[in-house]
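Written below as structure tokens is the structure these notes are about.
The values are calculated or read from the model by the stated rules, or taken from the named source; none is laboratory data. These figures come from a predicted structure and were not determined experimentally. Quick reminder, even Gly has a Cβ in these numbers, built from the backbone with ideal geometry, and neighbours come from all protein chains shown. Calculation scope for accessible area: heavy atoms of the full protein, side chains included, ligands and nucleic acids excluded. Shrake-Rupley method; radii C 1.70, N 1.55, O 1.52, S 1.80 Å.
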Amino acid sequence: MSVVGSVLAVLAFLLAWPVPAALSRFRGDPISQVILWQAVGLSGGLSLIGTALAFAVAPTSHSLPEGLWQLARGQSHAHLTVFAWIFLIIAVALIARLLGCLALTFYSARRTRIRHDEILHLLSEPSATYPDTRIITTDEAVAYCLPQGPRKGTAVLSTGLLEVLGEDERTAVIAHERAHLDFRHDVLVIPFAAWHRALPFFSATAIGLNSVNGLIELMADDQAREHVDPAILAKAVREAAGISPEHRSDLSAQRIDRLSRPLDPARVPVRVTSTLVALGLLLVPSLLLFAPVASGF
């Protein structure tokens, strides 16, 4: 198991820095990228925990299931070295921190949404034109959505944005926000926020969270194409950037560029390939940890 632990440590290192750095520079189908980011996060966490567990059971067994079973039954406690105990404690602490941060992030997100909804109803007015939409009074370009359950929620627009947009552009912006609500992009982001909360000292967690936050905007744009002209949505993004510095970003430029072109017809094969790569990333640490080790690893 010492060799398995070493291999997992190398894999954890690769998934903590060079792989996320390369993936963040990739420009392609956003769904494919999110699939890969999910695989990087899961495989990286499994490799990190697996490294500690593999070294913890290495002195007494040749496979992780066997070693964990012996530990659970108390058969190998007396044979564990100080270093094995340290690795075991690290593994338990990592598992507890990752699961705890995931639960805390879900809870915090829910509390924040409830509080935000209360404040929003005090500071905004329901739109007389658009259903499930509220208007806040500010000169800034503001457009976002507030989830309230499966395929439910409120789109929020500012008076400053509405003043510079035409009717078609307003409809396009609302279609974009409705796409976020319909596909629960807020839930998609939560595991990455929890990952970053649990391991903020790993650059991969910040890179992954920032990347997925941007990718869900591209995904919402692609979904909105089914209901509105993408050129109109691109114009709305451009108008928002014209009145608000916060919208003058590389992401806005990327959105405008993608909306100005048809979707890549090869996106479906790319998604299939990405899914296979993601499965491979998950299988490698899983096989190393749980497959019977008969070769002395």
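Using a 1.4 angstrom probe and counting only protein chains, how large is the accessible area of PHE183 in Å², to 10?
110 Å²
What full-extension length gain, to one decimal in nm, is calculated for LEU122 and GLN254 as 0.36 nm per residue of separation minus the Cα-Cα distance? Walk me through the intermediate numbers first.
Numbers: separation 132, 0.36 × 132 = 47.52 nm, distance 3.49 nm.
Extending this stretch completely gives an extra 44.0 nm.
Exactly which trypsin sites (Lys or Arg not before Pro) in segment 223-278 are in a DSSP loop and have at most 16 other Cβ atoms within 10 Å? Don't skip to the answer; put the middle values down first.
On the way: sites: ARG225, LYS235, ARG238, ARG248, ARG255, ARG258, ARG267, ARG271; in loops: ARG225, ARG248.
Those that pass, being in a loop and sparsely packed, are ARG248.
If I model a spin label as a point 7 Å beyond the Cα along the Cα-Cβ vector, how far apart are those points for VAL268 and HIS227 in nm?
The two pseudo-label positions are separated by 2.4 nm.
Once the dipole of the chain is set up with Lys and Arg at +1 and Asp and Glu at -1 on Cβ about the Cα centre, which of PHE183, ALA278, ALA241 lies farthest towards its positive end?
So the residue we want is ALA278.
How large is the translational diffusion coefficient of the chain in µm² per second when you combine the Kirkwood radius over alpha carbon pairs with Stokes-Einstein at 4 °C and 1.567 mPa s?
60 µm²/s
With charges set only on the Cβ (+1 for Lys and Arg, -1 for Asp and Glu), what does the dipole of the chain come to about its Cα centre, in debye to the nearest 20? It would help to have the intermediate numbers written out before the result.
Values: 24 positive and 25 negative charges, 206 e Å.
Using only the charged Cβ atoms, the result is roughly 980 debye.
For segment 201-283, what number results from the quotient of the Cα radius of gyration and 2.2 N^0.38 Å?
So the Cα radius of gyration is 1.31 times the expected 2.2 N^0.38 Å.
Between ASN210 and TRP69, what length comes free when the chain is fully extended (0.36 nm per residue of separation minus the Cα-Cα distance, one decimal in nm)?
Values: separation 141, 0.36 × 141 = 50.76 nm, distance 3.95 nm.
My answer for the length gained is 46.8 nm.
Tell me which of ALA193, TRP69, ALA96 sits at the most positive position along the dipole axis of the chain, charges placed on C-beta atoms (Lys, Arg +1; Asp, Glu -1).
TRP69
Tilt of helix 203-224 relative to the longest C-alpha principal axis of the chain, in degrees (0 to 90, nearest 10)?
40 degrees
I need the fraction of alpha carbon pairs in segment 91-182 separated by more than 24 Å, rounded to a whole percent.
32 percent
Report, to the nearest whole %, how much of the accessible area of segment 216-295 belongs to carbon and sulfur atoms, 1.4 Å probe, protein only.
Numbers: 2920 of 4620 Å².
Carbon and sulfur: 63 percent of the exposed surface of segment 216-295.
Rounded to a whole number of µm²/s, how large is the Stokes-Einstein D of segment 156-202 at 4 °C and 1.567 mPa s, given Rh as the Kirkwood radius over C-alpha pairs?
100 µm²/s
For segment 1-111, just the Cα set please: Rg and Dmax, both in angstrom.
Cα radius of gyration and Dmax of segment 1-111 are 16.9, 53 Å respectively.
Can you find, among MET1, SER108, THR137, the residue sitting farthest towards the positive end of the charge dipole of the chain, where Lys and Arg contribute +1 and Asp and Glu -1 at Cβ?
Result: MET1.
Mind checking the full-extension length gain between ILE136 and LEU283? Use 0.36 nm per residue of separation minus the Cα-Cα distance, one decimal, nm.
48.1 nm
On C-alpha positions alone, give me the angle between the axis of helix 30-57 and the longest principal axis of the chain, in degrees, nearest 10.
20 degrees
Averaged per residue, what accessible surface does segment 168-284 expose to a 1.4 Å probe, in Å²?
49 Å²
Separation of segment 103-133 and segment 180-249 by C-alpha centroid, Å?
Cα centres, segment 103-133 to segment 180-249: 18 Å.
Per residue, how many Å² of accessible area does segment 29-117 show with a 1.4 Å probe?
52 Å²
Can you tell me the Rg and the Dmax, both Å, for the Cα atoms in segment 134-234?
Looking at segment 134-234, its Cα Rg and Dmax stand at 15.1, 46 Å.
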